[in-house]
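A short write-up of the structure that comes next.
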Amino acid sequence: MIWSSLIHLSTNMWIDREAPEWDADHTAKPYLRFDMDLWRELVPKMVEAGINMVVLDLGDGIKYQSHPEIAVEGAWTTDQLKDELAKLRAVGIEPIPKLNFSACHDVWMGPYSRMLSTDTYYVVCKDIIAEIIGLFDKPRFFHLGMDEETYPHQQHFEYVVVRQFDLWWHDLLFLVEQVEKGGSRAWIWSDYLWHYPEVFWARMPKSVLQSNWYYGESFSTDIGYVKAYLDLEGHGYELVVRHQLRRHGEVCPRAHRPRSPERLPPNHLASDNRQVARDAPPSHRASGRGEEGVRGISGLSSCASRLGSASAESFHARWKLWAGVELLPNAGCRRSHHHQWHG
């Protein structure tokens with residue numbers, strides 16, 4: 001059973017300019033905002049809470065040997081990354097790399113974020129994926145992101161790109177191929193399914209691990225985002241469920257902020273953009289539907305940047321309160337639990 005947390009080493013994943021519609025946390029900066037002291041506090045707390053996987057969203061937070069020009073000021077060296085990976089493995093946490101190649105989340109690529117689908121772009125993607133697979137010693141999974149590549153998600157960006165039709169598929173399958181060449185398994189967010197289900201079923205390889213996501217309060221199967229969990233499993237895809245922690249009706253500090261309607265796709269449930277806390281019984285913590293396949297959850301998170309009076313102890317307390325959530329009981333979907341932590 002996977003019980004994981006997604007940690008952003010880099011937060012240059014969103015808007016490419018200073019914009020009043022976005023907060024500072026989501027605005028790209030030329031320096032790393034990762035708090036190492038907080039990271040040191042959190043790793044043992046994750047172990048205590050039962051976390052067995054950390055997905056590291058690397059972005060421009062690494063001085064890649066193949067493309068050092070991408071790194072921001074203060075980025076980790078490759079030796080520093082390998083040292084941190086070794087420390088995670090030593091305490092029983094499996095590290096998994098993530099690089100989001102969605103045009104909505106690729107500010108981290110620097111100049112190459114404005115060269116999508118060109119020969120130069122493909123070379124850079126190939127080089128970095130191969131280098132990361134080597135640095136992670138051929139990880140079990142490699143998360144490629146690929147979510148929210150729509151105009152509504154980018155409407156306040158300075159530079160907007162939306163790949164469509166065969167081009168989107170060409171680029172996705174190119175990235176998947178690079179991951180598989182390195183001996184890892186590609187992992188993506190599943191929201192393309194919401195908009196183009198027939199194409200998704202026809203063209204998405206079963207080998208690609210899926211993470212559908214939904215932050216609403218209702219889990220009715222009448223909601224398309226919720227039904228997608230069942231549809232994916234019904235079509236034979238393996239899932240790691242992405243979910244978000246909300247506790248006692250209030251969002252944890254720096255948790256995912258509700259977006260205003262103008263920043264959402266037209267069919268997004270703006271009123272249901274956050275997950276209400278559900279204090280599930282301990283029996284839900286490590287249960288799965290059978291023993292085959294991949295089961296688990298991936299936690300949505302941000303970089304370890306310390307704000308206010310938040311501390312590792314407060315994060316740990318939230319984990320203790322969040323025992324898990326059983327999605328769509330009696331509907332055949334895998335049980336899973338999910339955390340989010342922010343500094």
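Residue 82 to residue 223: FRET efficiency via 1/(1 + (r/R0)^6), r the Cβ-Cβ distance, R0 45 Å, to the nearest 0.05?
According to the calculation, E is roughly 0.60.
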Give me the number: length gained by fully extending residue 130 to residue 207, i.e. 0.36 nm times residue separation minus the C-alpha to C-alpha distance, one decimal in nm. 25.8 nm
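How about segment 121-223: which GluC sites (Glu not before Pro) there are in a DSSP loop, with at most 13 other Cβ atoms within 10 Å of their Cβ? Write down the numbers at each step before the final one.
Details: sites: 131, 148, 149, 158, 177, 180, 198, 217; in loops: 148, 149, 158, 217.
Filter output for segment 121-223: 158.
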Using 7 Å Cα-to-Cβ label points, what is the residue 65/residue 117 separation (nm, one decimal)? 3.4
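Every read-out reported here was derived from the displayed coordinates using simple, explicitly stated rules and does not represent laboratory data. Quick caveat, the model's predicted, so the values are computed rather than measured. Counting neighbours? That spans all protein chains shown, and the Cβs are built from the backbone with ideal geometry, glycine included.
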